[in-house]
Amino acid sequence: MPYPEPLVAPMRAELTSVGVTELKTASEVDQAFEAAADKTMLLIVNSVCGCAAAMARPAVRMSLQSDALPDMFTTVFAGQDMEATSRARQHMMGIPPSSPFMALIKDGEPVFVLERRHIEGRSGSAIATDLVNAYHHFCGDGDVPTSASTDDAKAAQEERPSTFRSIL
């Protein structure tokens, strides 16, 4: 049973108000992945949990200040738009489901992933740094900004299980 819409509406708005496209159906998810077949797309699995509110959504908003950005920003809402969330996860087989969750998709394939375990307990700015570094690497010229710290991103990459073979 989905969460009541009045409960999640402000959580949706945190992302949609900054230009993130909400995908509410499996068809919309399929269309987004089709449109991203030769582009870059950040997919955010939104959630009602505290780490989504305190870290994930703020990190996405902060990352929008980067001078290298994905072509598309999309989101599905776990626990609310179940069909869309399930379909998004089908597009990323081999990556364990979690929420919140972020995946940078390039040419239809995930190239950078932040699972819940890479989000909870960290600051929004640290997560934003990871995103900006990934944007520069996969969406920009490949050079990470000198002001960005790569220590957290390197540590997160080293912690990832073998199921992330497609993104390492």
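Remarks
- When peptides 121-131, 40-50 are ranked by their average number of other Cβ atoms within 10 Å per residue, the highest-first order is 40-50, 121-131.
- Contour minus Cα-Cα distance for Ser86 and Ala35 (0.36 nm per residue): 16.5 nm
- Around the amide H of Phe101, modelled in the peptide plane, lie the amide H atoms of Val45, all under 5 Å away and 5 or more residues distant in sequence or on another chain.
- Isotropically averaged projected area of the chain, using the convex hull of Cα atoms (one quarter of hull area), nm²: 8.8 nm²
- Table column - 3J(HN,Hα) (Hz), the stretch 25-32, Karplus curve with 6.51, -1.76, 1.60, x for Gly and Pro: 10, 4, 4, 5, 5, 4, 5, 5
- Across the options Ser125, Val18, Pro4, the greatest Cα extent toward the positive end of the charge dipole of the chain (unit charges at beta carbon of Lys, Arg, Asp, Glu) belongs to Pro4.
All of the numbers you see were taken from the coordinates with simple rules; none came from a lab. This one's a predicted model, so the numbers in the text were calculated from it and none came from an experiment. Cβ atoms come from the backbone with ideal geometry, glycine included; neighbour counts cover every protein chain shown.
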